[in-house]
Protein chains: 2
Amino acid sequence: MYNPAPMTSHFAFELQASDGRARAGRFHTPHGVIETPVFAPVGTQAAVKALTPAQLEELGVSLVLANTYHLYLRPGPDIVAGAGGLHEFMGWPGPILTDSGGFQVFSLADRRRIDDDGVTFRSHLDGSEHRFTPERAIAVQQQLGADIIMAFDECPAPDDRAYNEQAMARTHAWAERCLAAKTNDQQALFGIVQGGIFPDLRQQSADFISTLGTPGVAIGGLSVGESKPEMYTMLDVLSPRLPADRPRYLMGVGAVDDLVEAVWRGVDIFDCVLPTRLARNDAAMTRLGRLNLRNATFASDRKPIDPACDCYTCRHFSRSYVRHLIVAGEILAATLLSIHNLTTLVTLAADLRQAILEGRLETMVAEFRRNYAKHRPVEV
Amino acid sequence: MYNPAPMTSHFAFELQASDGRARAGRFHTPHGVIETPVFAPVGTQAAVKALTPAQLEELGVSLVLANTYHLYLRPGPDIVAGAGGLHEFMGWPGPILTDSGGFQVFSLADRRRIDDDGVTFRSHLDGSEHRFTPERAIAVQQQLGADIIMAFDECPAPDDRAYNEQAMARTHAWAERCLAAKTNDQQALFGIVQGGIFPDLRQQSADFISTLGTPGVAIGGLSVGESKPEMYTMLDVLSPRLPADRPRYLMGVGAVDDLVEAVWRGVDIFDCVLPTRLARNDAAMTRLGRLNLRNATFASDRKPIDPACDCYTCRHFSRSYVRHLIVAGEILAATLLSIHNLTTLVTLAADLRQAILEGRLETMVAEFRRNYAKHRPVEV
């Protein structure tokens, strides 16, 4: 087993307060402090779709995610490294997190072959053949230069017991190889817990990954097709077994209710394409539910998207105008809805953090559950 | 003939300085002062494509144009009026100009029938039949509520003498009807000079429109297929015949060299879709010429798009990154290039203004002509 190095001061995690299982903390990185709980928007191709870094900063984003698989294929890690790394390349001065490429590669289905050493796959862009191993995934992430990088893991369908046992074993072996391969102490490598929807596998995986001593632990293999109760049950299982002194990152989760339920169960970091993807599909996220702004009922509605929201979009534009932009096919619709949706998640995480610091999370969560269920205005 | 009303103080034009035929001025509107020469971006559907009003304001835009034809069809003038007018609807607090809808309607070719009273046309959206007359064009523009509105004119092909004679006569008759129909003194109605590429027609039209006493005069029917020398010759013809104490608006012009040549010939206001359309087609405008950022030569180019430019895009991003966004199909490419291209025109107009105020326009124009011709890097 890999002998964990002492956590460098670059990546100290201060646990500021706990409230039940929920936590408020500060995670230090070379590009700034991340106050947790935190939601990170996804810049798949080194750009959060339809938004400038200035807009992200203005709406309160502190951490941005980028996808190693996509950047490896285009523009290629040499170009990003030549620019001085992702921060310089994409003009984002704050903390950045990259995934390992594993999730995307395994999503390629019939375009990839897995063995114990790694994965051979064909590019979705041009069919060219490539190979990722744990070592290669780390090397590419070192070239990209994010603050937080991920171990190369295998993410199976959540309900296939046999496959989850096998994938978990591989994920553990690969995590050790990733740690051994990593050479840059300006990057924090997080191990990833797998195990599908099987409590005993999740426990085993949490125990194993915890022993690696990584400066944070990611929870993979959720929000990939299982039900919400199944996901929440897995978080209930994991919460007491993950190291209390490291941030916990729930990968790919970004629905409003899931954010609340996962913070309630001790998660600190989130990312998801959902807010920006919904924005490009005309949907607004609020704490009361979702609105489909293409709906004709909004044609003359002069209210802001969310009267409770203080984002740039809600301060300046009506539902009527946003609907017009959608119907007219204007790019600005995606921009304004992305600003609003990201603001919803970023401020929700910040408000949950404040409630934890003030010991009133239970009240906030109870109120949220009541309103989110009751007032859901229009489902999309 | 219509008896011109005295110009209201809402729309005073201060001529601050002249340098040769070029002029520097300040045009007062109910939503703020426009310093001229000025370039106005086009928000065809009440949105400048891919940009927020905040981004427009940050890059120095003072005047925005919107298209009556498009807004009449969608969302419809009732919705805009119900929102309190275009300023409220689109979240742009500064001056707004609307065209009359004429240019777009006449561009519909086989979808429209012209008579001396007006134009019947079919919507490009759903084929529904509509009719614009001078009175209707003014009524719709009054509902939209822009600061500067345009007379309903007929814009023929520039080189058809017979048609230009006929269209000019109609344009003049319609201008009088527009003035008679206008009731809102919070809006300035500009008459439009037509006459194709025929100096005598242009002179006749300038003389006629000048007698109407409108608070500004627009030059229509240029930048519609004629050559650049033909356009410049028409401006040479018009310059001495237009009222010196009113702003002159050259409709639909926005190429970098045309802006310089037209300011040199006494034009004060410009609008064009070119900078934002080029941006969505991967092209950057500079004072040295255009760059096609999709070009592979920029793949690892860490320089800004224009090292002489101080816009948000050039301060934060490399040619390499912008090319990556283009190749990857990211919306952000259009946003960043639109910011840059509009900045190029807005700051060029501001620099020309400063040169006029300081009496050194001839030097600036001579230098521009030398560099724009010589260094044009990549034509697109």
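The values are calculated or read from the model by the stated rules, or taken from the named source; none is laboratory data. Note that this is a predicted model, so its numbers are computed, not measured. Glycine also receives a Cβ, built like all others from the backbone with ideal geometry; neighbour counts cover every protein chain displayed. Note: accessible area is taken over every heavy atom of the protein model, side chains too, but ligands, DNA and RNA are not part of it. Shrake-Rupley method; radii C 1.70, N 1.55, O 1.52, S 1.80 Å.
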Report summary line: Restricting segment B:269-296 to residues that are in a loop (DSSP other than H, G, I, E, B) and among the basic types (K, R), the one nearest to B:A218 (Cα to Cα) turns out to be B:R287
Report task. Please indicate, with yes or no, whether at least one residue in segment A:94-101 is touching a residue at least 24 places away in the same chain (Cβ under 8 Å) and either within 13 Å of chain B (Cβ to nearest Cβ) or basic (K, R) (or both). Result -> no
Query raised in the report: Looking at A:T363, is it open to solvent by 10 Å² or more (accessible area, probe 1.4 Å), polar (S, T, N, Q) and at pLDDT 95 or above?
Result: yes
Report summary line: Filtering segment A:45-57 down to residues that are more than 9 Å from chain B (Cβ to nearest Cβ) and open to solvent by 10 Å² or more (accessible area, probe 1.4 Å) yields A:E57
Requested in this report: Would you be able to say whether some residue in segment A:329-351 is in contact with a Lys or Arg (Cβ under 8 Å, 6 or more places away or on another chain) and open to solvent by 20 Å² or more (accessible area, probe 1.4 Å)?
Outcome: yes
Requested in this report: Output the number of the condition that A:A139 fails; it satisfies all remaining conditions of (1) within 17 Å of A:G191 (Cα to Cα); (2) among the aliphatic types (A, V, I, L, M); (3) crowded, with 20+ Cβ neighbours inside 10 Å.
Outcome: (3)
Requested in this report: Quickly run through segment B:78-93 and pick out the residues that are under 18 Å from B:L51 (Cα atoms) and facing chain A (nearest Cβ under 10 Å).
Outcome: B:E88, B:F89, B:M90, B:G91, B:W92, B:P93
Query raised in the report: Limited to segment B:307-338, what total is found for residues that are more than 8 Å from chain A (Cβ to nearest Cβ), under 21 Å from A:T335 (Cβ atoms) and not charged (D, E, K, R)?
Result: 9
Requested in this report: From (1) surrounded by fewer than 23 Cβ atoms within 10 Å (Cβ to Cβ); (2) assigned to a helix (DSSP H, G or I), pick out the condition that doesn't hold for A:A157.
Outcome: (2)
Requested in this report: Select from segment A:88-111 the residues that are buried (at least 17 other Cβ atoms within 10 Å of the Cβ) and over 18 Å from A:F11 (Cβ atoms) and list them in ascending order.
Outcome: A:E88, A:F89, A:M90, A:G91, A:W92, A:G101, A:G102, A:F103, A:Q104, A:V105, A:F106
Query - Hey, A:N371 open to solvent by less than 20 Å² (accessible area, probe 1.4 Å) and not hydroxyl-bearing (S, T, Y) or not - result: no
Query raised in the report: Mind checking whether some residue in segment A:64-77 is away from every other protein chain (no Cβ under 14 Å), open to solvent by 20 Å² or more (accessible area, probe 1.4 Å) and either touching a residue at least 24 places away in the same chain (Cβ under 8 Å) or at positive phi (or both)?
Result: no
Query raised in the report: Regarding A:L291, is this residue open to solvent by less than 70 Å² (accessible area, probe 1.4 Å), closer than 24 Å to A:R26 by Cβ and out of contact with any Phe, Trp or Tyr (no Cβ under 6 Å at 6 or more places or on another chain)?
Result: no
Requested in this report: Go through A:K228, A:K303 for me and flag whichever is away from chain B (no Cβ under 14 Å) and either open to solvent by 30 Å² or more (accessible area, probe 1.4 Å) or farther than 16 Å from A:P37 by Cβ (or both).
Outcome: A:K228
Query - Flag if B:E35 is more than 12 Å from chain A (Cβ to nearest Cβ), charged (D, E, K, R) and in contact (Cβ under 8 Å) with a residue 12 or more places away in the chain - result: yes
